Structure formats: structure tokens, C-alpha cells
1. Scanning the stretch A:10-25 for residues that are more than 7 Å from every other protein chain (Cβ to nearest Cβ) and more than 14 Å from B:Ala111 (Cα to Cα), which turns out modelled with the highest pLDDT?
2. For the stretch B:206-218, give me each residue that is within 11 Å of chain A (Cβ to nearest Cβ) and surrounded by fewer than 23 Cβ atoms within 10 Å (Cβ to Cβ).
3. For the stretch B:301-309, indicate whether the set of residues that are outside any helix (DSSP H, G or I), of a type outside the set (Val, Ile, Thr) and under 21 Å from the mean Cα position of the chain (by Cα) is non-empty.
4. Applying the selection to the stretch B:227-251, what residues are in a loop (DSSP other than H, G, I, E, B) and within 7 Å of another protein chain (Cβ to nearest Cβ)?
5. Identify, by number, the condition in (1) among the small types (Gly, Ala, Ser); (2) surrounded by fewer than 20 Cβ atoms within 10 Å (Cβ to Cβ); (3) closer than 26 Å to A:Ser50 by Cβ that B:Gly264 doesn't meet.
6. Quick one: count up the residues across the stretch A:26-57 that are under 13 Å from B:Ile187 (Cβ atoms) and more than 9 Å from chain B (Cβ to nearest Cβ).
7. If the requirement is being touching an Asp or Glu at 6+ places or on another chain (Cβ under 7 Å) and modelled with pLDDT of 95 or more, which of these qualifies: B:Leu209, B:Leu176?
8. So which residues in the stretch A:111-134 are more than 12 Å from every other protein chain (Cβ to nearest Cβ), surrounded by 18 or more Cβ atoms within 10 Å (Cβ to Cβ) and within 22 Å of the chain's Cα centre (by Cα)?
Amino acid sequence: MSAATSPYLERSPEWKLPYRGTVGMACLIIAESAIFTIFVVAYLFYLGKSITGPTPREVLETPIFFTVCLLSSSLTIHLAGKELENGHRRTFMILWSLTIALGALFLFGTALEWRRLIFERGLTISTNLFGTTYYSLVGLHAAHVTVGLVMFGIVLLFGLADRVGIEQSARIGTLSMYWHFVDAVWVVVFTVVYLVGR
Amino acid sequence: MSSDAMAIPSARTEVRPWVEVAHEWVTTVDHKRLGILYIVYALFFLVVGGIEATIIRIQLIRPNNDFVSPQVFNRMFTMHGTTMIFFVAMPILFGFANYLVPLMIGARDMAFPRLNAFSFWLTALGGLLLYFSFVGGNGLYGAGNAPDVGWWAYAPLAAKAFSPGPSSDYWTIGLLVSGFGSIGTAINIVATILCLRCPGMTLNRMPLLAWLNLVMSGMVLITITPLSAAQIMLLIDRYLGAHFFDTQAGGSATIWMHFFWIFGHPEVYVLIIPCFAFMSEIIPVFSRKPIFGYPVMVGATVCIAFVSLSVWAHHMFTIGMNSYANSFFVITTMAVGVPTGIKIFNWLGTMWGGSVQFKTPMLFAIGFLFQFLIAGLTGIMLSSAPFDWQLSLSYFVVAHFHYVIVGGILFALFAAFYYWYPKMTGRMLSERLGKLHFWLFLLGFHATFDVMHFAGILGMPRRIYTYEPRPGWETLNFIVTIGAFIQVIAILVFVINLVFSYFKGPRAGNDPWDAWTLEWSVSSPPPDYNFASIPSVASRRPLWDLKHPEDPDSRYE
């Protein structure tokens, strides 16, 4: 049979399916949510079950400034994506760098907090159940922030080499989805660790 | 019209140096080659896991036997369980999904070909790490090599204090790594099915195999990940001195059980749903009828997926939960039997009134139906908490889940091998050897696993190293071991069939079974690009429409 006479009976005129990057990232987010759920459950389950101190109430301080940094980076990355879609590459690069700076600032905040907890309060991952669950939950989140920043850094390098344009905006969109997820997880972690957990 | 009209001659005919061929296989991102890599890898581990099972059975053939030491025995059942679940069942099902899903939905490859290759090599590395423990597990500790903590690795047995040396770490890291591979493949399958269907293939026209693999992959995303999380916690405990599962510091051993079984039970459905998918493709073709109750099949599958997420603690009735938890898990466990029953009726409804052809794939499919039904019934028995208190951790449970995994999953896999081997290699498997394989395996299977039920009811505990001669046990265990040997012979026949038919089997042609899904429209084996022009479909059985233009399915949609 020649290719001209299609063996199949009907060809639908419009056939549009979702972008694979969006679906793939949505799946990854579902999978990651399950991982975080287990860590959050462990944190809540072990609340107040530590045999020795220090307790969360004694040592934790609410990191409001750094939380604001992280959450506002969600806004900047969203705006960056919009700018790229409209072809404004310069504004995109500025907003993109701002996102990286805000994310890095958040990580710096976590580092400061851990430094204080370890050296001033003597709380390590092996001190008690609070230390175990706190460092793993917050650390798992921080690891995700780090991965995000590495990927953003790669985009930044490509951008500096003038290789990021409108064609890449769908891919930037998937990265943006990841970052929104990381921020949403922080809202949960923040609520559990700093509000409920104290 | 003959379907040969669409044949595309294979271009790979010249002989090339083996290094080049090997290089091609190692660096491939083609979904068909990766599918075959998954399957070959899993078959290798099937043999390894089978050898371990045989060692277990030889040890138990008579009372007070000392064929292996107790330490080796512990390693054997740990490695047998871990291998069969994570490095046989999972990869082989992913292999079939990889191979078949793009062909069935009219796509040229998976959505993320490189992720696909990455996932396979992660899984391969996981298996390698697990088995490297036999060599590297000893370390400086002299504490035994391979993992011996059981495939659940319950706390505190898996804690550093009770499992010194790195053997448990090989188990943990091996499973963690292969788990990431599974997540990658699941993402890939979902994205492929949602984003790469050919024109006209709405979700409602998709082959059931694609539908069921979509559900399975969705389940993998939320069931493998709790295990990964728990493995990370175990690693933190063992390496950084944390206390997640350390009862000395207020930690809980029970929470490991919960985390493990939140993964462990849905995992059974992750494994069985692709087998349902094989059944839903094979039974209609050999009954010469379209599947009965397509929408109900999809609905029942989704229903199983949801309900199976809330049944995990039926593995934990004996640890002493409160009566509310017990009642909840009894009810949900019984409820999951309902959609499963619907499926069995649908397959029977498909066969009813059809002109059933008893080819080897169909024989295995019918074996599956009977055995999976019995496995489900003993499952309903065990779902009742008081009954479970009597028989939990006995050979009755071992018999039950081997009925699911061997009687159900493995039979379905054999059916799939006989059905799709012609597509993958271009050669038919021998029907004579196939029938011999079927009857031998059926005999061995029932001798082994039917009899295990009785040993369990008589009180034989699982994972027991040896036993005193006592009424009933010796004869039963002897029969069980003989059955295992018969299964080994059947597997040998299967392997001989695979190898022999690859070189000498009759040519298959495009469509040896006169089937209706898109993979049979291309040559066997399919060309690298699958479809010369992307097909466009108008019904659930595109090849039926093609072969019967006077009475296409699309007329009735």
C-alpha cells in the first residue's frame, strides 16, 4: 500500500496533546510530594517524643525574612517566564538572576540557622528525635532548592551565551513549575516545623 | 487485504563487529532496545532468584537438614525476595511497557528517550550493587556478606547495632537507586501515553494495555517514593547516627513497618496491573472477540489503584493495632476484591461464546485466571484479622503471595512472552516446547504452592531454617521441593525455547495472531522508527478496521 492512500479510515483535523515537559514535571512533582509526605509524617509523628532536649520551642527561631525571599522568588521566576514568552530577553535575564539571588539568600539563611543550632545550641542530627527529623526534613527541602539553583545556573550560563530565546520558553516553564513546587513545599515545612511544631 | 502490504523490509542484514553491536546496545535510547535490555536483565535475575529459591527448598526437603548454614539460609530468602520483586518483576514489566506502549499508541519512541536509558541503567546499577554485596559486603567487619535482614528489613534488625557491616547498606542503596530508575520510567510512560498518542487515538480508544500501564505508572509515582523516603531515613540512621527507627532514643520500629507497607502493598498492584493488561490483550485475540466491558475494565483498574493505597496495614495485624485500625484495614482489603472480581468476570465474558484458540499464550492466560482467582480467595481469607492472627507469618501466607506472584504474575508474563516474542524477534516460539513448558510448570507450580497452604495450616512458620520431624510436615515439604524441581525443569524448557526459536523458529510475519492493535501493523521486529508514517485511528481496534473495511468498528462508535 502506498503512503498516499492512508489505510486508516479517518484523520481528525485537530489533534493537540499536552506538552511532554509539563506532564513529566507534573509526574515528578507528584512523586516528590509522596517523598515529602513521608518526611512530614515522620516529623509530626515524633513531635514531643524526644527523650532528651533541646526541644523545638527552646531553639527554633522563625525565619521570616528568608521565607519572604524564597516565596518572592516564585513571583520573579513567573515574571521571568512571561518576559521570555514575549521575547524580552534582557528583562528575562535580570529577573532570572534575581530569582537565583533570592534562592541563594534562602539557602544562606538555612546555613546561618544550622550553624547557630549546631554550634550554639548543640543540636545535631544525632542529638535527639527532634534533631533527626528537623535536619532531614529541612535538609531534604534545602537539597531541592540546591538542585533548582544548579539548573537555574545552567540556564543563566546559556543565557549569557545568548542561547536562551522564545523557543526555550516551554522548557523554562517546566523549570518554573519545579520551583513553584519547591516553594509550596516550604510553605508546608514552615507550617509544620515553625508553627505547628512549636 | 493482507497486512503484509505494510511490511517494511529490515535494513539490518550485514554482519558487523561485535564491539560495534555492543556499543550500540549500551548507548541506545531506542524504546524497543531498552525494552529488550530490561527483559533480558530481568530474565537473568529470574534465574539467579530461582537458584536461591532452589537452595531454600533443598534445605527444607527433609527435617534437620544442613545443606546450607542458617546464616546462608537467611541471606538466601532475603536475596530471593528482593531479587524477584525489584530486579525481576519490576524491570520485566517495565520492559514490556517500554517495548509495547509506543507501538500500541502509534508513537515513534517514548516521550523522554534519554531519561529512558538513564532509568534502565540506574535499575541495572541497583541490581549490580545488591549482588556486589556477596563480594564487597564482608568489609573489615567479618559480619557476613549479603543482606540477611529479610526483604522488609524490619527495624531494629536493620539498625547498625544488629546488622553491622555494610551488607544492609547494599540492600538499601541498591533499592534506592533502582527505585529512582522506576520513578523515571513511570514518568516516561505517563508522559508518552498522555502526549504522544497518534491522531484519533483518544483515551477512550486506547488499547487496554496502554490504559493499565498508565494507571500502573501513576501508582509507581506514589508508591515507590515512600520506600525511597524510608530508605533515605534508614541510611541517615545508619550513617549519621540519627534515630528514626531507634527505639532506644524514642524512635519507633512500627513506623518503619508502616512506611514499608505503604510501599509494599500497592507494589503488588503495580506488578499485577500490567499483567491484567497482558490478559486484556491476549484473551480477546484468542477468543476472537473484542474485550467485554472496556469502560468497566478501565474503571475497575482505577478503582483498584485507589483502594489499594489504603490496605497496607493488613500486613501488620499481628503487631497489635487498635480495633478501629484493624476494622478499617479488614474492610478496605475485602473491598479491593470487588473491582478485581469485576475484571475476572470481564475476561470470562470475553471468552464466553468466542471461538477460543488454545495456543500457548492462551493456555497461560487461562492458568492465570484460575490461579489468580484462588490467590484472591486466600487473600480474602487472610484479610480477616482474626484469621490472620492464626496464620500470619506461616507458610499459608507464603503460599498465598506466591500464588499471586507465580500463579498470577509469572503465568501472565509467560503468556506475554509467547504472544509478543514473534513481534520482538521476528520468530515464532515453538508451540510444542511451549505446551510442554506450560504443563510442566503448571504441575510444578501446584505441587509446590498448593501444598504449602497445608504446611502453613499445620503451623509451619515462614523463614524457618529447619524443623524437627513431626506429623505431616516432612511429606508436605518433600512434595513442595519436588514441585520446585519440576518448575526448574519447566523454566529450562522455556529458556531452550527462547534460544532455539531465536535462531530456528518459523518466521512470524507482521501479524501471526491476526490481532487488532497497532504493533501488529509493522514488521517483526519493528524498524527503528516504528511507523513509516504516523498512523491515524478511528476505533479501539485499528487493524480490524483495516482488515474489514466493509464492517469497521468505527461505524459503531
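The values are calculated or read from the model by the stated rules, or taken from the named source; none is laboratory data. A quick note: this is a predicted structure, and the numbers were derived from the prediction, not measured. No Cβ is skipped: glycine too gets one built from the backbone with ideal geometry, and neighbour counts run over all protein chains shown.
1. Checking each candidate, the answer is A:Lys16.
2. B:Gly218
3. At the first step, the residues of the stretch B:301-309 found to be outside any helix (DSSP H, G or I) are B:309.
From the residues that got through so far, the ones that are of a type outside the set (Val, Ile, Thr) too are B:309.
Still in the list and also under 21 Å from the mean Cα position of the chain (by Cα): B:309.
Among the residues of the stretch B:301-309, at least one is outside any helix (DSSP H, G or I), of a type outside the set (Val, Ile, Thr) and under 21 Å from the mean Cα position of the chain (by Cα), which makes the answer yes.
4. Looking only at the stretch B:227-251, we keep the residues that are in a loop (DSSP other than H, G, I, E, B), and these are B:241-246, B:250-251.
B:Gly241, B:Ala242, B:His243, B:Phe244, B:Gly250, B:Gly251, listed by residue number.
5. B:Gly264 satisfies every listed condition except (3).
6. Of the residues in that region, 1 qualify.
7. Working: B:Leu176 fails: touching an Asp or Glu at 6+ places or on another chain (Cβ under 7 Å).
Step by step, each of B:Leu209, B:Leu176 is checked, and only B:Leu209 is touching an Asp or Glu at 6+ places or on another chain (Cβ under 7 Å) and modelled with pLDDT of 95 or more.
8. Filtering the stretch A:111-134 down to residues more than 12 Å from every other protein chain (Cβ to nearest Cβ) leaves A:111-123.
Then keep just the ones that are surrounded by 18 or more Cβ atoms within 10 Å (Cβ to Cβ); that gives A:117, A:123.
Matches in the stretch A:111-134: none.
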